[in-house]
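Colleague: Just dropping this structure here.
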Amino acid sequence: MYNADQWKDYELLDTGGGEKLERWGSFVLRRPDPQVIWPITSEAGLWTSADGHYHRSSSGGGEWEFRTKMPDRWSVSYGELKFHIKPTSFKHTGLFPEQAVNWSWMMDKIRRANRPIRVLNLFAYTGGATVA
């Protein structure tokens, strides 16, 4: 099993009630995740004081509520990689942190090849794999 152990600026803090609580650099975001089907153990602490909370709309989409003045975007690091984070109008941040193990795997394979490598990134939505 691969482990995404090079995160400097991302941390999954808690999950429950269809949401996840994450630290992106110095900011804590609360956002929906339909795969989180268990209840929140205790909706206190960081759950209630997150810097940003994405609220789903009953008609689709949703919007961010920011409790802290935040920049339009900020940087986070995974190992030697740097990414810009920007909360979007559809709950995303511009990066999928769970893909970090794939970035590590690709970088290792490319380094060990000892030859020029060309990679076709067929899932270039965030650009994370391209940066790796």
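The values are calculated or read from the model by the stated rules, or taken from the named source; none is laboratory data. From a predicted model like this one, the values you see are computed outputs, not experimental measurements. With ideal geometry, Cβ positions are generated from the backbone for all residues, glycine too; neighbour counts draw on all protein chains shown. When the accessible area is computed, the model is the full protein with side chains, heavy atoms only, and any ligands, DNA or RNA have been set aside. Shrake-Rupley method; radii C 1.70, N 1.55, O 1.52, S 1.80 Å.
Colleague: Among the residues of region 17-40, which ones are open to solvent by less than 70 Å² (accessible area, probe 1.4 Å) and either part of a loop (DSSP other than H, G, I, E, B) or farther than 22 Å from Ser89 by Cα (or both)?
Modeller: Taking region 17-40 and keeping what is open to solvent by less than 70 Å² (accessible area, probe 1.4 Å), we get 17-25, 27-33, 36, 40.
Gly17, Gly18, Gly25, Asp33, Val36, Ile40 - these are the residues of region 17-40 that are open to solvent by less than 70 Å² (accessible area, probe 1.4 Å) and either part of a loop (DSSP other than H, G, I, E, B) or farther than 22 Å from Ser89 by Cα (or both).
Colleague: Sticking with this structure for a sec: Quick test for you: out of Glu65, Glu11, Glu43, pick the one residue that is in a strand (DSSP E or B), over 25 Å from Gly128 (Cα atoms) and either open to solvent by 50 Å² or more (accessible area, probe 1.4 Å) or among the small types (Gly, Ala, Ser) (or both).
Modeller: Working: Glu11 fails: over 25 Å from Gly128 (Cα atoms); Glu43 fails: in a strand (DSSP E or B).
From the options Glu65, Glu11, Glu43, the qualifying one is Glu65.
Colleague: Every residue in region 94-118 that is farther than 14 Å from Val76 by Cβ, in contact with a helix residue (DSSP H, G or I) (Cβ under 7 Å, 6 or more places away or on another chain) and of a type in the set (A, V, I, L, M, F, W, C), please.
Modeller: Met106, Ile117
Colleague: Further question on the same structure: Looking at region 91-132, which of its residues are open to solvent by 100 Å² or more (accessible area, probe 1.4 Å), within 18 Å of Gln6 (Cα to Cα) and not charged (D, E, K, R)?
Modeller: Residue satisfying the conditions is Trp105 alone.
Colleague: Of all residues being over 17 Å from Leu12 (Cα atoms) and hydrophobic (A, V, I, L, M, F, W, C) in region 68-82, which is surrounded by the most Cβ atoms within 10 Å (Cβ to Cβ)? Just the residue, please.
Modeller: Among those that are over 17 Å from Leu12 (Cα atoms) and hydrophobic (A, V, I, L, M, F, W, C), it is Met70.
Colleague: Those residues that are among the basic types (Lys, Arg) and under 24 Å from Arg30 (Cβ atoms), I need them from region 86-132; list them, please. So that I can check it myself, show each step before the final result.
Modeller: Taking region 86-132 and keeping what is among the basic types (Lys, Arg), we get 86, 91, 109, 111-112, 115, 118.
Answer for region 86-132, where residues must be among the basic types (Lys, Arg) and under 24 Å from Arg30 (Cβ atoms): Lys86, Lys91.
Colleague: Please count how many residues of region 51-61 are open to solvent by less than 30 Å² (accessible area, probe 1.4 Å) and touching a Ser or Thr at 6+ places or on another chain (Cβ under 9 Å). Show your work before the answer.
Modeller: Initially, region 51-61 is screened for residues open to solvent by less than 30 Å² (accessible area, probe 1.4 Å), giving 51-54.
In the following step, the residues that additionally are touching a Ser or Thr at 6+ places or on another chain (Cβ under 9 Å) were identified as 51-52.
Summing the residues that are open to solvent by less than 30 Å² (accessible area, probe 1.4 Å) and touching a Ser or Thr at 6+ places or on another chain (Cβ under 9 Å) in region 51-61 gives 2.
Colleague: Still on this structure, I have one more. Can you name the number of the only condition in (1) at pLDDT 95 or above; (2) closer than 30 Å to Ala132 by Cα that Ile37 fails?
Modeller: That leaves (2) as the condition not met.
Colleague: Just to verify a result, which residue in region 46-62, among those that are in contact (Cβ under 8 Å) with a residue 12 or more places away in the chain and not in a strand (DSSP E or B), is nearest to Lys86 (Cα to Cα)?
Modeller: Asp51
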